1. For the stretch 246-293, name all the residues that are over 19 Å from the mean Cα position of the chain (by Cα), part of a loop (DSSP other than H, G, I, E, B) and more than 26 Å from S35 (Cα to Cα).
2. Considering only residues that are modelled with pLDDT of 90 or more, surrounded by fewer than 18 Cβ atoms within 10 Å (Cβ to Cβ) and either in the same structural domain as Q271 (by TED's automatic domain parsing) or assigned to a loop (DSSP other than H, G, I, E, B) (or both), which ones fall in the stretch 386-408?
3. All but one of (1) surrounded by 13 or more Cβ atoms within 10 Å (Cβ to Cβ); (2) farther than 25 Å from D230 by Cβ hold for W369; which doesn't?
4. Can you name the residue in the stretch 35-71 that is in a loop (DSSP other than H, G, I, E, B) and among the charged types (D, E, K, R) and is also surrounded by the most Cβ atoms within 10 Å (Cβ to Cβ) among such residues?
5. Within the stretch 201-217, identify whether any single residue is assigned to a helix (DSSP H, G or I) and touching a strand residue (DSSP E or B) at 6+ places or on another chain (Cβ under 6 Å), and answer yes or no.
6. Closer than 30 Å to D89 by Cβ and either part of a helix (DSSP H, G or I) or at pLDDT 95 or above (or both): is that true of W438 in this structure?
7. Somewhere in the stretch 409-428, is a residue modelled with pLDDT of 90 or more and either crowded, with 19+ Cβ neighbours inside 10 Å or of a type in the set (A, V, I, L, M) (or both)?
8. Please go through the stretch 294-311 and give me each residue that is of a type outside the set (A, V, I, L, M), under 11 Å from R244 (Cβ atoms) and part of a helix (DSSP H, G or I), ordered by number.
Amino acid sequence: MIFLYLLLGIYTLGMLFIFAYSLAQGHLLLNFLKSRKLKGPIPSDPVNWPKVTIQLPVYNERYVVERLIDAAAKINYPRELLQIQILDDSTDETAQLILEKIKAFPTVDFQYLHRVDRNGFKAGALKEGLEKATGEFIAIFDADFVPDPDFLKKTIPYFTSEKIGMVQTRWTHLNENYSLLTKLQAFALDAHFLIEQIGRNTQHAFINFNGTGGVWRKSCILDAGNWNDDTLTEDLDLSYRAQRKGWEFVYRREIESPAELPPIMSAVKSQQFRWTKGGAECAAKHAGGVLKQDLPLSTKIHAMAHLFNSTIFIAVITVSLSSIGVWWAGQQGLIPSQLFQLAGIFMIGFVIIAAVYLVAFFYEKKGFWKSLIQGLYILPLFLSVSMGLALHNSQAVWEGLTGKKSPFIRTPKFNLEGGKTGLNSNLYITGKIPVTTWFEGLFALIFAAMVFLSIRMGSFEMLPFHLMLTIGYSLVFITSFKAYGLGK
């Protein structure tokens, strides 16, 4: 019986965590809905436009770097007030491509900075570039972005106060319709850039610079302690250090920054690992300080939900595995049926989470019925795949919380729309299949067996959950296996 109580306790704690997370998400959704009624004034252009430095951190980006330079060169801003730094850590032919490409723009102030030593990875490159930056403001774009020509003209006016340290824009997607995988990523990112960022910003809670597609006040970066490389998410880390010192951030949903989505699962996983582990590292670094600081209670609550949001994957995998024992105990009559009915309360959490993603999905969509049909199949697939990534992301979160260090692993870029490379010819794909991928295949089989047993025994309480886990782990395993196989 002790084992049964322990099992039920683990299962209940996991469900309580998911429920608490959903309540925080639901509050952000309410703030987002309220914000739609608030039409703030559009600031006027400054009398004198300030000097701006655009930083383009690059590392082995042969397929997209020319597209990035083309877009940066077209930025509509006074030439005498614009400096564009190419922060290149490349070890392949990317360096030669850059040097040849910038020759085509003799009137643009390109500053090419090549590092032989990748000390600090992206954070290190940004920090070294900042020492030579002449701009009062610093805009940053990763290699997979194609900045809008009017990006600076749209963002700089929002620095209406000396207290404003950063303006972040909304990511949009160049290749959203390329495949089901890219559609699912867009589905997830849209919820972050609409519901979460707006929901936090409208109530003056901490938001984060998303690493790209934003503009910093240079003095804010320096005052907050400059870029640090002690986490894998240097953007989140600097965001919290700056806001904890009293700097204000502005998020603008209407200013779009188009970018490429990873088209294969191995690239998605490398990106997810960096984001989830870095988020956990920042949680370990900042949570205690935020709680001790003199801040409104709502700000602290949302900061904790923000910093620890990646921990949801540990909760999901905990609930998933313990649900097998709970199901068995229920079949043996060891758990009263009333407890299963009571557990239905936790399902409210999944409804709230689903609402967050659906509202973001329908935002600015045209054609209600077509969008409704798309949403009805994308939502369960997204939730299933998210569950299927729980093992991979839980490893990242655990490493982040326990302080295990790992190098900054870049996400390979493709530029499939531009015809620069195909899935089979990208030289940046690794062919090594991680051990976790094989476990994902094993979990797919285990939960498929649970689905079979549930149907055979007429026990349907956990059938939807186990079915989604089966679909999620199966899709993640198959697409991972294919993606890693491309690198062989």
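The values are calculated or read from the model by the stated rules, or taken from the named source; none is laboratory data. What you see is a predicted model; the values in this text were computed from it and never measured. Neighbour counts run over all protein chains shown; Cβ positions are idealised from the backbone, glycine included.
1. Passing the criteria: only Q293.
2. Across the stretch 386-408, the qualifying residues are G403, K404.
3. The failed condition is (1).
4. Taking the stretch 35-71 as the starting set, the residues that turn out to be in a loop (DSSP other than H, G, I, E, B) are 36-51, 59-64.
Filter again for among the charged types (D, E, K, R), leaving 36-37, 39, 45, 51, 61-62.
Numbers: R36: 10, K37: 6, K39: 7, D45: 9, K51: 16, E61: 26, R62: 22.
Only one residue tops the list, namely E61.
5. Within the stretch 201-217, the first condition is being assigned to a helix (DSSP H, G or I), and the residues that meet it are 201.
When the remaining residues are screened for being touching a strand residue (DSSP E or B) at 6+ places or on another chain (Cβ under 6 Å), the result is 201.
Yes; the residues of the stretch 201-217 include at least one that is assigned to a helix (DSSP H, G or I) and touching a strand residue (DSSP E or B) at 6+ places or on another chain (Cβ under 6 Å).
6. On the way: closer than 30 Å to D89 by Cβ: no; either part of a helix (DSSP H, G or I) or at pLDDT 95 or above (or both): yes.
Against the criterion (closer than 30 Å to D89 by Cβ and either part of a helix (DSSP H, G or I) or at pLDDT 95 or above (or both)), W438 does not qualify.
7. Let us first name the residues in the stretch 409-428 that are modelled with pLDDT of 90 or more, namely none.
Within the stretch 409-428 (the criterion being modelled with pLDDT of 90 or more and either crowded, with 19+ Cβ neighbours inside 10 Å or of a type in the set (A, V, I, L, M) (or both)), the answer is no, since none of the residues qualifies.
8. Start the filter on the stretch 294-311 by keeping residues that are of a type outside the set (A, V, I, L, M), which leaves 294, 296, 298-300, 302, 306, 308-311.
Subsequent filtering for residues that are under 11 Å from R244 (Cβ atoms) retains 294, 299.
Across the stretch 294-311, the qualifying residue is only T299.
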